[in-house]
């Protein structure tokens, strides 16, 4: 008898614990939206590239690395997916996600400074909550001629139909035009790609935000260019210039090509002519719950005040 | 008569505790010498001094001397390993190594560098025959020695000791852990072995001492009380203490 | 009256203690339930033997398409889309790291896609097969199919296409074979280094070292101090000492299998030493005496009799060490690094299963499924090792 | 009759030579094993000091005083203050010990004194298996289950957490991880208590529970305390699981258990991408501080243990 009681209590505790872990957090939403409610602020963690782009875009750069500047009671989430599910389940919530995942999210994307978040508006430069993805190659190729040739071909590949398709496939925003060439059309200009490059290692690095695109590009381009080895070591935008042309370009961590998820500084990161350029854009969109009927547009100043805790209720925005 | 050991003024202390006090005696060759006395009288200590097994214990201090074949076994340059190959030992509890019967007996010769399988085979067989164990185990030499009965294990240990071709075999209460039948077998074996080896045996069992030994030494509190021919000790002891012990009045 | 009150408080305490001691059991079961719940669906032979990096296939198709229409196999799910012109079925899925991709569910044996000329190596072929992922197509009219648009869109593009200029598809990837092999290497190399040192140290300390000798006591204390050092500090040791040493010798850069094994060897050293010493203590002195009485030297006694008898203890030390090695993460993050590799070279970077979990969990979106699948493997190994040690210890009875 | 005499002399020489060789040969691995502690202290200190030396890092070099007293820690732009991290670490470990100790002691009582053999054996195995679960698995469990539980607890108290990542999650994970250590040592201590003493107590009319609490636990307290010291040592050095649930608080000290925190070990692991440079070397400085914290805590607790032992 005693054993049964033991077993039973053990099982109930286990199921209690497990169900806690898996239970859905969504609460039933009522149709009436109470404007006097407090705004619940969601943010990504400090290592997130989206967070960096967001806070820089709204003119709140100090908050990129410092949670202490944010309104007390903010909630930190660890990914695009959890941001979406959090704001989806919280009718008074506000957050920000990458534009590419807005369509399927079921959230309301807000216009920023009166401009709707669309790829077209990003490209025609009217939607400003965005950042460029940049690349920079070495200027000093002494002793690495093969690598130079492959990187040159790689840069050319990025602006072909093939390359642009891959960038777009990995949620980069860019303009395509009918005048874009196929890789097939230009590959004869790059003799190095007809060789066997299995023993050549190309070192990619820089921004972690660009890592996914860079890896997708290098993986398929390797197949098209003699199977060179792509070694990716992404440590942050700051290292792109530093390790390609700057102070560490001859050190142990040198790179052949580096990426940055922001413009290169015109003062401290000046690359040699023709060694750098833009790959694509990335855009962030401010999102609210679909039941939120208070606003459809938001300004940089408003978002900043919300995240800093100066605007605390939805009625202040109505 | 030749002596195997000549013991002269031997004192032994464990730390501050005196275990042997001024022992002087001769142990004759090719005879059985029994050491008797109550527990703690020093008889095992005396036995273990003969092949210097007491070296293994910390805090042992020895003075006086023991001569084996005219050589001082405590001398600095004296080779204790050599002594132990000449003076074998059988312990109270049968203690075969956790190996096969064959490997147990071959262990000693192997340690001396004998590798030839044929020679080893011969040594093992001869030793087993001499220890009167061969017929019982000849078909299972590769089996674990741990599977033998207690009496067989003890005879295996004797076989292991005689595989080394010793001159002397020290036996520390070899039958105390055995039943009467196994004991009888071992006693027969000891009498048989006497023809070739000098045997020193520590025993608790006075009948055993009377049955098998030629000489008997009676120790009490680390002192050698009386040492003489066995029949004299048991029939006509000179000391009253000996008589009291033998007749079972104490101990 | 008083005794009744006492009786009741007694019962209350008793049930309280019983309840509280169930917490351990609950946690153990919860860990298991969670890990199996999340990871078991992913755990498969393919996961264990698959490459982490996908192989990219690049083909094209410029011949006439036959007008024959392919028939979809009967067993397709409702979320799978089939192209009657090309004989291929596609479906949206999540890869082992939780990202969207288009899974190739079925390729008809007669399909032109099953047999495509290789775009980059003339005369060779690439073969599309189920289980692969479809990434990108440039059709002959320069329209582009992107995997991010989903399987349904891809099939509708297929249905109107006449030829393919460029089709890229990849093997599934994200397998853990490389990390599995690295872990095995680590186990072997670590034991090769640590076992002799550990066993010999234990033998010296227990059999040979003079008792109550100050120097020996200091040595012993220093060995014991290793037990209290947290594993991340061992990682720093690996980074500060072993990586530079190995780098200088082999001319490679950064963490590698050797520096990892050396670090692990230091970590398991105390385990081996104490476990061996414990068994040495259980070996009866009679063995030592019997051997010495036979004229064996001390080293002969030790290596021929004592060491043989302590085999079970050493075996448990080995098993415990394997459990420790396979579960170690903090030290290895420093001493070997986090780069996941397919081709394992002992002097190059690669990573163990435990650090593989760390890698997939510390990215922007933690991938519980893969982490849990690997955790299942680790837990099973660790538990089997620990339970066998328990059995061995039970069996040792001298 | 006798067998041919062995060629004993040659062999003897050889044997003796090997015996001597063994004696010295065994000293080498022993000294090697012992030397690692020295290596650890020497080389980690050497690297850990580097960030404070202008000769190594020039203008970037860290001010030692600011490092020791600072209350903010950012990887960029290189603001390193470890004071609050030490406080946070001690706080979190203290709370986890507070949770784990009663549970461990009760579990140990249950296993050692209150159940018949098969059940106690089963529970002991459970505790041993818990002890064997690697840190990384607890990390995954912590991030998948415990953070969710903590999120719910926070809602009950009307608080919000960063998705459950918080000091409380860290405390819970640590408590689970040190529980087996403390339990196993407590079991040993409790089993070592003299039975006569307990029987005496029972004979004097005390109930079993009274005996357990007033006699058994009191006599075993020194051993139990040793277990607690070991557990706290483990908790201070525990890295992987902690980094996964601690969050990455940049400032402190923060005593709100629902906020994110930062421990010494999580600081060493998080954001680790480089293997050179100031941000890498500063982790060795954190390592040195961790070693010092562990040693000091150990010394203090051992001193406390001696005082406790005095009155038993």
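The values are calculated or read from the model by the stated rules, or taken from the named source; none is laboratory data. The model shown is predicted, which means the values in this text are computed figures rather than measured ones. Heads up, the Cβs are rebuilt from the backbone with ideal geometry, glycines too, and the neighbour counts pull from every protein chain shown.
For this structure, a couple of remarks:
- Test set (1) under 29 Å from residue A:290 (Cα atoms); (2) in a strand (DSSP E or B); (3) over 17 Å from the mean Cα position of the chain (by Cα) - residue A:97 fails condition number: (3)
- Residue-level analysis places residue D:107 among those that are assigned to a helix (DSSP H, G or I), at the interface with chain C (Cβ under 9 Å from one of its Cβ atoms) and more than 17 Å from the chain's Cα centre (by Cα).
- The set of residues from segment D:182-206 being farther than 16 Å from residue D:114 by Cβ, surrounded by 14 or more Cβ atoms within 10 Å (Cβ to Cβ) and within 12 Å of chain C (Cβ to nearest Cβ) comprises D:182, D:184.
- In this structure, residue D:51 qualifies as touching a strand residue (DSSP E or B) at 6+ places or on another chain (Cβ under 8 Å) and part of a helix (DSSP H, G or I).
Listed here are the residues, each with its yes/no results for (1) under 21 Å from residue D:41 (Cα atoms); (2) within 14 Å of chain B (Cβ to nearest Cβ); (3) modelled with pLDDT of 90 or more.
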site: C:242; (1), (2), (3): yes, no, yes
site: C:246; (1), (2), (3): yes, no, yes
site: C:254; (1), (2), (3): no, no, no
site: C:265; (1), (2), (3): yes, no, yes
site: C:276; (1), (2), (3): no, no, yes
site: C:302; (1), (2), (3): no, yes, no
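- Some residue of segment C:8-19 being within 30 Å of residue C:353 (Cα to Cα), within 14 Å of another protein chain (Cβ to nearest Cβ) and not in a loop (DSSP other than H, G, I, E, B): no
- When C:69, C:94 are screened for being within 14 Å of another protein chain (Cβ to nearest Cβ), over 30 Å from residue D:108 (Cβ atoms) and without any contact (Cβ under 8 Å) to a residue 24 or more places away in the chain, only C:94 passes.
- Counting only residues that are surrounded by 22 or more Cβ atoms within 10 Å (Cβ to Cβ) and in contact with a helix residue (DSSP H, G or I) (Cβ under 7 Å, 6 or more places away or on another chain), segment A:270-279 holds 1 of them.
- Criterion violated by residue D:59 - all others in (1) assigned by TED's automatic domain parsing to the domain that holds residue D:242; (2) part of a helix (DSSP H, G or I) satisfied: (1)
- Test: residue in segment D:116-123 that is under 26 Å from the mean Cα position of the chain (by Cα) and within 29 Å of residue C:355 (Cβ to Cβ): no
- Residue-level check: of (1) modelled with pLDDT of 90 or more; (2) over 19 Å from the mean Cα position of the chain (by Cα), residue D:221 misses just (1).
- Here residue B:124 fits the description: in a helix (DSSP H, G or I), under 24 Å from residue B:174 (Cβ atoms) and either more than 8 Å from every other protein chain (Cβ to nearest Cβ) or more than 17 Å from the chain's Cα centre (by Cα) (or both).
- Qualifying residue in segment C:260-279 (condition: assigned to a loop (DSSP other than H, G, I, E, B) and out of contact with any strand residue (DSSP E or B) (no Cβ under 7 Å at 6 or more places or on another chain)): no
- One residue stands out among those in segment A:177-191 that are surrounded by 12 or more Cβ atoms within 10 Å (Cβ to Cβ) and either within 23 Å of the chain's Cα centre (by Cα) or within 13 Å of chain C (Cβ to nearest Cβ) (or both): the one that is nearest to residue A:153 (Cα to Cα), which is A:190.
- Conditions (1) within 7 Å of another protein chain (Cβ to nearest Cβ); (2) within 12 Å of residue D:241 (Cα to Cα); number of the one not met by residue D:175: (1)
- Check on residue B:51, on the phi < 0 side of the Ramachandran plot, within 9 Å of another protein chain (Cβ to nearest Cβ) and touching a strand residue (DSSP E or B) at 6+ places or on another chain (Cβ under 6 Å): yes
- Every test in (1) surrounded by fewer than 23 Cβ atoms within 10 Å (Cβ to Cβ); (2) part of a loop (DSSP other than H, G, I, E, B); (3) at pLDDT below 85 is passed by residue D:257 save one, and that test is (3).
- Meets criteria (in contact with a strand residue (DSSP E or B) (Cβ under 8 Å, 6 or more places away or on another chain), outside the structural domain of residue D:260 (by TED's automatic domain parsing) and closer than 26 Å to residue C:234 by Cβ) for residue D:37: no
- Of the numbered criteria (1) farther than 22 Å from residue A:261 by Cβ; (2) assigned to a helix (DSSP H, G or I), the one residue A:106 fails is (2).
- Residue C:259 meets the stated requirement of being crowded, with 20+ Cβ neighbours inside 10 Å, within 12 Å of chain D (Cβ to nearest Cβ) and farther than 30 Å from residue B:52 by Cα.
- You will find that of A:237, A:263, the residue that is over 26 Å from residue C:147 (Cβ atoms) and surrounded by fewer than 17 Cβ atoms within 10 Å (Cβ to Cβ) is A:263 and no other.
Every residue, every condition in (1) without any contact (Cβ under 8 Å) to a residue 24 or more places away in the chain; (2) under 14 Å from the mean Cα position of the chain (by Cα); (3) crowded, with 19+ Cβ neighbours inside 10 Å, yes or no:
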{"position": "B:163", "(1), (2), (3)": "no, no, yes"}
{"position": "B:169", "(1), (2), (3)": "no, yes, yes"}
{"position": "B:172", "(1), (2), (3)": "no, yes, yes"}
{"position": "B:180", "(1), (2), (3)": "yes, no, no"}
{"position": "B:184", "(1), (2), (3)": "yes, no, no"}
{"position": "B:188", "(1), (2), (3)": "no, no, no"}
{"position": "B:196", "(1), (2), (3)": "no, no, no"}
{"position": "B:201", "(1), (2), (3)": "no, yes, yes"}
{"position": "B:229", "(1), (2), (3)": "yes, no, no"}
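- Tally, over segment C:199-216, of residues that are in contact (Cβ under 8 Å) with a residue 60 or more places away in the chain and either within 10 Å of chain D (Cβ to nearest Cβ) or loosely packed, with under 11 Cβ neighbours inside 10 Å (or both): 7
- Test result for residue D:234, in a helix (DSSP H, G or I), surrounded by 22 or more Cβ atoms within 10 Å (Cβ to Cβ), within 12 Å of chain C (Cβ to nearest Cβ) and free of Cβ contacts under 8 Å to residues at least 60 places away in the same chain: no
- Filter result for the condition that a residue is buried (at least 19 other Cβ atoms within 10 Å of the Cβ), away from every other protein chain (no Cβ under 14 Å), at pLDDT 85 or above and within 27 Å of residue A:80 (Cβ to Cβ), over C:137, C:88, C:104: C:104
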